[in-house]
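Notes for the one structure printed next.
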Amino acid sequence: MKTIFTIILCALAINISAQTKKTPVKKPAAKTVTKPAAKTTAVAKASTKPISYSTSNNYKTAVGVKFLYGISLTAKHFLKEKHALEGIFTYRGFNGLGTQIGVSVAYEYHQPINGAPNLKWYVGGGGHFEYFSFDDDLVDPATTIGALGVLGLEYKLKSIPIAISADWQPVFTFNSGGGFSAENGGIGVKYTF
């Protein structure tokens, strides 16, 4: 019995001494919080802003004049970044023969030219109406309706609100015998805003 009592006392002593020893407690590793870089925050803020077509196109709307085949008043308005509508009112006099008045509306697709800032090419098409009055009273005025194509270049000046363009606008008329006319388009100067 003495032996059992001695074993129990030894077990208790070992147990007590084990409880009094302090075991080192591992502290959890500190969490590292990485802050986003300032550039990332700026990019995130910039990407939430809506795209301004006037910024990407250098302008939203333009009005001006075009000349070469007569003189024209022109107005262009961007519907989307690369898509615009242009309206053109043309007056052309033919010495001794008569005068021509034309109205055209064209849809135009614009694309920048790589390596040439502010320079774009554009292509499109639309409708065309002409009224031709003859100086000779014996000939009746003629009215024609047709379709036109557009192919051109446009350069927006960087420091002032002016755009300069050069385009060709061939027309195919459906009535009055129908026919093709290549004498449309010209050099344009427009005020942009």
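Determine, yes or no, whether GLY178 is out of contact with any helix residue (DSSP H, G or I) (no Cβ under 8 Å at 6 or more places or on another chain) and within 23 Å of VAL63 (Cα to Cα). No: the conditions fail for GLY178.
Of the strands (runs of 3 or more DSSP E) lying entirely inside region 113-193, those carrying at least 2 residues that are surrounded by 15 or more Cβ atoms within 10 Å (Cβ to Cβ) are 119-134, 142-156, 162-168, 171-173, 185-192. For beta carbons closer than 9 Å, sequence separation of 6+ or different chains, a first residue in region 167-193 that is closer than 21 Å to TYR109 by Cβ and a second that is of a type in the set (S, T, N, Q) and surrounded by fewer than 19 Cβ atoms within 10 Å (Cβ to Cβ), the qualifying pairs are PRO170/SER181; VAL171/SER181; PHE172/SER181; THR192/SER54; THR192/THR61. Based on this model, can you work out whether HIS77 counts as at pLDDT 95 or above and over 19 Å from ALA182 (Cβ atoms)? Yes; evaluated as a whole, the condition is true for this residue.
Restricting attention to region 68-112, the residues that are loosely packed, with under 13 Cβ neighbours inside 10 Å and part of a strand (DSSP E or B) add up to 4.
The values are calculated or read from the model by the stated rules, or taken from the named source; none is laboratory data. In this text the structure is predicted, and so the values were computed from the model without any measurement. Don't worry about glycine lacking a Cβ; one is built from the backbone with ideal geometry, like all the others, and counts go over all protein chains shown.
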